[in-house]
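Contents: one structure, followed by commentary.
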Amino acid sequence: MQETSHFSSPDSLSTYLSEINKYPLLTQPQEQELSRRFRKGDLMAGHQLVTANLRFVVKVSYEYRSYGLKMSDLIQEANIGLMKAVQKFDPDKGIRLISYAVWWIRAYIQNCILRNWSLVKLGTTQAQRRLFFSLARTRRELERMGAGDASIVNAEEIARKLNVKASEVREMEQRMGGRDLSLDAPVGEDGDATHLDFVESSAASHEDEVADRQQAGLTRDLVQRALRRLDPRERFIIENRVMGDAEMTLSELGEHFGFSRERARQLEIRAKDKLKAELALLMADAGLDAASLS
């Protein structure tokens, strides 16, 4: 079971996207049957599972287009993540393959990016790495919310969204630079069609929408189960500092518990670390790769 993606020009990328759209999508019963056959050694069944989901791999890879790597490298690494997911997928869990595979796909893409960025550009702390992966996504979210063009959204807005200092945002933006061939760049001379059109025509199907909802549901379920493993104070901190629509300030949190602001900050760090550890255990139990949490 080996799927690779080799393209070095807009034309070869367009050809690849056209080819993967020819593979039929699978129903959940078909997916379960193929997965059971693959687990018994039927490599052709594994091939079908992979090819049916290649278009979704491109969609996920596209989200990481701002990190200076070639789309071919991102897609190829994501395909490896998909194949890993196919190998580990349990068809009797009741979820779609892509809902499970997206964890592996993102983990492999992020590891690829980490390998290709120097520590000077990326930073060495976990917080810097989290900011690295959050920055471009947050810019796009603010743009969609009407904050303006993503290229001019200021560092203060992003810093508030990510709960970091504006200076940290500016520093990371200076480290990051360079873009590869964009899937939303025009194809050909007429300038109408884009590379992404080759994917979105069928990737926005009902099956993909269902898979997206299932993946989101799986994520919510894991987070809620992890929250239940925290003590009441830790759960309150996470729910009101991380997950709430109107987040409490550290001062408000400290006042609520009768602590200083600094003590509240320490408790928040401890609660976040414990939540992440519990979530990693639950993901491991489910056969998911906890690397995507970093």
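The values are calculated or read from the model by the stated rules, or taken from the named source; none is laboratory data. Since we're looking at a predicted model, the values are computed, not measured. Here the Cβ positions follow ideal geometry from the backbone for every residue, glycine too, while neighbour counts run over all protein chains shown.
Restricting attention to segment 81-118, the residues being within 21 Å of residue 135 (Cα to Cα), outside any loop (DSSP other than H, G, I, E, B) and polar (S, T, N, Q) number 3.
Within segment 51-70, the set of residues being more than 20 Å from residue 112 (Cα to Cα) and assigned to a helix (DSSP H, G or I) comprises just one member, 51. With respect to the conditions (1) buried (at least 18 other Cβ atoms within 10 Å of the Cβ); (2) assigned to a helix (DSSP H, G or I), residue 73 lacks only one, and its number is (1). Considering each residue of segment 56-77 in turn, at least one proves to be charged (D, E, K, R), in contact with a Cys (Cβ under 6 Å, 6 or more places away or on another chain) and not assigned by TED's automatic domain parsing to the domain that holds residue 131.
Among the helices (runs of 4 or more DSSP H) confined to segment 193-294, the ones with at least 1 residues that are at pLDDT 70 or above are located at 206-228, 232-241, 250-257, 261-285. Condition check: under 25 Å from residue 221 (Cβ atoms), free of Cβ contacts under 8 Å to residues at least 60 places away in the same chain and surrounded by fewer than 22 Cβ atoms within 10 Å (Cβ to Cβ). Does residue 24 satisfy that? Here the answer is no, as residue 24 does not meet what is asked. The combined condition, being without any contact (Cβ under 8 Å) to a residue 40 or more places away in the chain, in a helix (DSSP H, G or I), crowded, with 22+ Cβ neighbours inside 10 Å and under 14 Å from the mean Cα position of the chain (by Cα), is fulfilled by residue 78.
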